[in-house]
């Protein structure tokens with residue numbers, strides 16, 4: 001039986017103005033599986049990212065993140081990444 005991919009999480013603190021740029025950067029990295037945007041302890045939005053996500057699917061997500069960025073000041077991005085294959 002094979003094990004699934006190993007994942008790890010990290011939290012990145014950003015200001016609202018940096019939120020959209022940081023999310024775009026994370027999506028381009030390719031090893032991100034899930035993004036959660038939080039303000040304090042409250043989850044604002046969650047986005048699962050799968051391998052091969054088309055830009056058509058990402059466009060509405062980025063519009064939503066842009067709208068959120070206009071409303072929040074300090075927030076954090078919780079990122080679940082897939083560990084590199086050995």
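The values are calculated or read from the model by the stated rules, or taken from the named source; none is laboratory data. It should be emphasised that the depicted structure is a prediction, and the values quoted were computed from it without experimental measurement. Note that we place each Cβ from the backbone using ideal geometry, even for glycine, and neighbour counts take in every protein chain shown.
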Just to verify a result, which residue in the stretch 52-86, among those that are more than 16 Å from residue 26 (Cα to Cα) and not in a helix (DSSP H, G or I), is modelled with the highest pLDDT? 74
Residues that are under 18 Å from residue 64 (Cβ atoms) and surrounded by 15 or more Cβ atoms within 10 Å (Cβ to Cβ), drawn from the stretch 19-36: 19, 20, 22, 23, 26, 27, 32, 34, 35, 36
What pairs come out if I take residues in the stretch 21-37 that are under 20 Å from residue 6 (Cβ atoms) and pair them with residues that are assigned to a helix (DSSP H, G or I) whose C-beta lies under 6 Å away, six or more apart or interchain? 32/26
For the stretch 22-37, what are the residues that are in contact with a strand residue (DSSP E or B) (Cβ under 6 Å, 6 or more places away or on another chain) and over 12 Å from residue 9 (Cβ atoms)? 22, 26, 31, 37
Residue, modelled with the lowest pLDDT, within the stretch 19-51, restricted to residues that are closer than 15 Å to residue 81 by Cα and part of a loop (DSSP other than H, G, I, E, B): 51
